[in-house]
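Taken together, the values in this text are just the output of simple stated rules run on the coordinates, not laboratory data. Given the structure is predicted, the values throughout are model-derived calculations rather than measurements. Counting neighbours? That spans all protein chains shown, and the Cβs are built from the backbone with ideal geometry, glycine included.
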Amino acid sequence: MITLPRPTARRAGILLLCGLAALPLTAGRRAPALTVARLQYDGGGDWYANPSSLPNLLAAIRERTSFKPDRAEVRVTIMDERLWDFPFLHLTGHGNIKLTDDEVVRLREYLLRGGFLHADDNYGLDESFRREMARVFPDRPLVDVPLSHPVYHAVYDMPQGLPKIHEHDGKPARGYGVFVGDRLAVYYSFSSDLGNGWEDVETYKDSAALHESALRMGINLFVYAVTSRPIS
């Protein structure tokens with residue numbers, strides 16, 4: 001296991017924000033559970049893909065940072081009342097995603113109030129995800145997340161940005177995002193297959209280096225998500 005380097009001032013500041021990460025998404029609600037919530041959606045896509053990915057990511061977060069998330073993922077729908085309990089949503093799959101009008105409104109509200117969504121195109125999700133995000137944020141397009149953004153430096157420095165885990169159609173890995181003010185509310189990993197890199201190494205026979213780079217990016221995403229939420 002590769003251990004964390006000695007924290008820089010930036011990293012030390014992130015660790016000091018751990019207490020703030022426990023604040024609820026909305027006033028009057030209980031503090032959210034510190035884990036990753038897998039988003040279950042309709043439309044036919046396999047939202048349940050990569051079953052070992054999130055447990056492995058959560059284990060790495062526990063081992064390498066001062067955060068101690070639950071060891072198991074949870075699964076929620078957008079209309080689940082528990083949605084507000086989780087600061088980090090993960091969405092993946094190979095096929096279609098389709099949101100109802102009520103889900104569009106609810107997801108937008110969740111993200112505007114400080115929630116974070118990581119969408120990972122597992123090869124085949126791109127068209128429907130872009131379509132549905134345009135419904136959630138018709139006023140905020142998906143844009144390239146610059147390499148200088150904290151999501152690439154929160155714990156590990158990722159100077160090349162999103163790692164390329166699987167070949168797929170050969171396109172370069174791209175990290176897109178939706179910003180709410182200065183805060184990155186949605187991170188979309190395209191042509192990377194980041195979640196496959198979190199899976200058990202023997203699942204896809206990925207090299208140790210690819211597995212490590214995927215975990216480092218996932219840790220950065222989680223730490224950024226839980227330390228960037230508005231306090232109020």
I'd like the Karplus ³J(HN,Hα) series for region 97-102: coefficients 6.51, -1.76, 1.60, θ = phi - 60°, whole numbers in Hz, and an x wherever there's a Gly or Pro. 10, 9, 9, 6, 4, 5
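So if I place +1 on the C-beta of Lys and Arg and -1 on the C-beta of Asp and Glu, and nothing else carries charge, what would the dipole magnitude of the chain be about its Cα centre? I want it in debye, nearest 20. Intermediate results must be reported in sequence, preceding the final value.
Values: 27 positive and 29 negative charges, 197 e Å.
Once rounded to the nearest 20, the dipole reads 940 debye.
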Go ahead and estimate [θ] at 222 nm for the chain from helices alone: -39,500 (n - 2.57) per DSSP H run with n ≥ 4, summed, over the residue count, rounded to 500. -9000 deg cm²/dmol
Applying the Karplus parametrisation 6.51 cos²θ - 1.76 cosθ + 1.60 with θ = phi - 60° to the phi angles of region 131-136, what ³J(HN,Hα) value in whole Hz is obtained for each residue in order, glycine and proline being reported as x? 4, 6, 5, 5, 6, 5
Show the residues, 5+ positions off or on another chain, whose built amide H is closer than 5 Å to the amide H of A185. V178, F179, V180
Place the peptides 161-169, 53-61 in order of packing, highest mean first, counting for every residue the other Cβ atoms within 10 Å and averaging per peptide. 53-61, 161-169
Phi angles of region 40-45, converted by Karplus (6.51 cos²θ - 1.76 cosθ + 1.60, θ = phi - 60°) into ³J(HN,Hα) in whole Hz with x for Gly and Pro, give 8, 9, 9, x, x, x
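Sorted by mean Cβ packing within 10 Å, highest first, what order do the peptides 131-139, 196-204 take?
Values: 131-139: 15.9, 196-204: 18.4.
My ranking of the peptides, most packed first, is 196-204, 131-139.
Which FRET efficiency value, to the nearest 0.05, is calculated for I231 and A59 with the Förster distance at 30 angstrom and r the Cβ-Cβ distance? Working shown, then result.
Details: r = 29 Å, r/R0 = 0.96.
Result of the calculation: an efficiency of 0.55.
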Reduced Cα scattering model of the chain, Debye log10 I(q)/I(0), q = 0.09, 0.11, 0.12, 0.17 Å⁻¹: -0.32, -0.50, -0.60, -1.33
What spacing in nm lies between the two simple spin-label points modelled at V74 and E167, each 7 Å away from Cα in the Cβ direction? 4.1 nm
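May I ask you to order 170-178, 108-116 by the average number of other C-beta atoms within 10 Å around their residues, highest value first? Before the final figure, lay out the partial values.
On the way: 170-178: 16.7, 108-116: 20.0.
Result, highest mean Cβ count within 10 Å first: 108-116, 170-178.
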